[in-house]
1. Within a Cβ distance under 13 Å of Leu89, other residues only, what is the Lys/Arg minus Asp/Glu net charge?
2. Give, as a single signed number, the net charge of other residues whose beta carbon lies under 13 Å from the beta carbon of Ile109, with Lys and Arg counted +1 and Asp and Glu -1.
3. Taking the Cα atoms of the chain, what is the range of coordinates along each of the three principal axes, in descending order and whole Å?
4. Per-residue ellipticity at 222 nm for the chain, helices alone: DSSP H runs ≥ 4 residues times -39500 (n - 2.57), over residue total, nearest 500 deg cm²/dmol?
5. Under a GNM of the chain (C-alpha, springs under 10 Å), which listed residue has the highest mean-square fluctuation: Ala95, Ala41, Ala65?
6. Determine the sum of side-chain charges near Met57: Lys and Arg each +1, Asp and Glu each -1, restricted to other residues whose C-beta is under 11 angstrom from that of Met57.
7. To the nearest 20 Debye, how big is the dipole of the chain about its Cα centre, given +1 on the beta carbon of each Lys and Arg and -1 on that of each Asp and Glu?
Amino acid sequence: MKEGQALLKLVEQKGLRIGSAPDTFLGGSHQRCRSLFDSGAIGNVGGGTCHTMSRGMEHWHPNPAFFFKDGGGSILDLGPYYLTNLIQLLGPVKAVSALTSIPSPKRTITSA
């Protein structure tokens, strides 16, 4: 916590910004999207969407049990990556809507 606070103080003093997991929004595919936005190659973009498209963390995550506890879940683990990328592409959030479903009410952890 102290190291994080010291970093925040430093970037504020230098007029910089700081983020975590920058490999997601600074990664190649996301930066390609950034260049397409900036060049105008895809026109004026007025909104965006994101989806988690896998059959579930219980099939691939090395320790997925926390996803299924109160306060857990993919929205809190994966959501920030998607939201960060949408914000870096589209700018500040003006409105949000969401849909959800439970395609499989019982899950069996097979990856551990």
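1. Details: positive: Arg32, Arg34; negative: Asp38.
Taking every other residue near Leu89 into account, the sum is +1.
2. Around Ile109, the surrounding residues sum to +3.
3. That gives 47, 43, 27 Å along the principal axes, largest extent first.
4. Values: 5 runs with 45 residues, N = 112.
Result for the chain, helices only: -11500 deg cm²/dmol.
5. Ala95
6. On the way: positive: Arg55, Arg107; negative: Glu58, Asp77.
Result for the local shell: 0.
7. Details: 11 positive and 7 negative charges, 11 e Å.
In total the dipole reaches around 60 debye.
We did not get these values from a lab; they are worked out from the coordinates using the rules stated. Model, not experiment: these values are computed from the prediction. Neighbour counts are summed over all protein chains in view; Cβ atoms, including those assigned to glycine, are modelled from backbone coordinates with ideal geometry.
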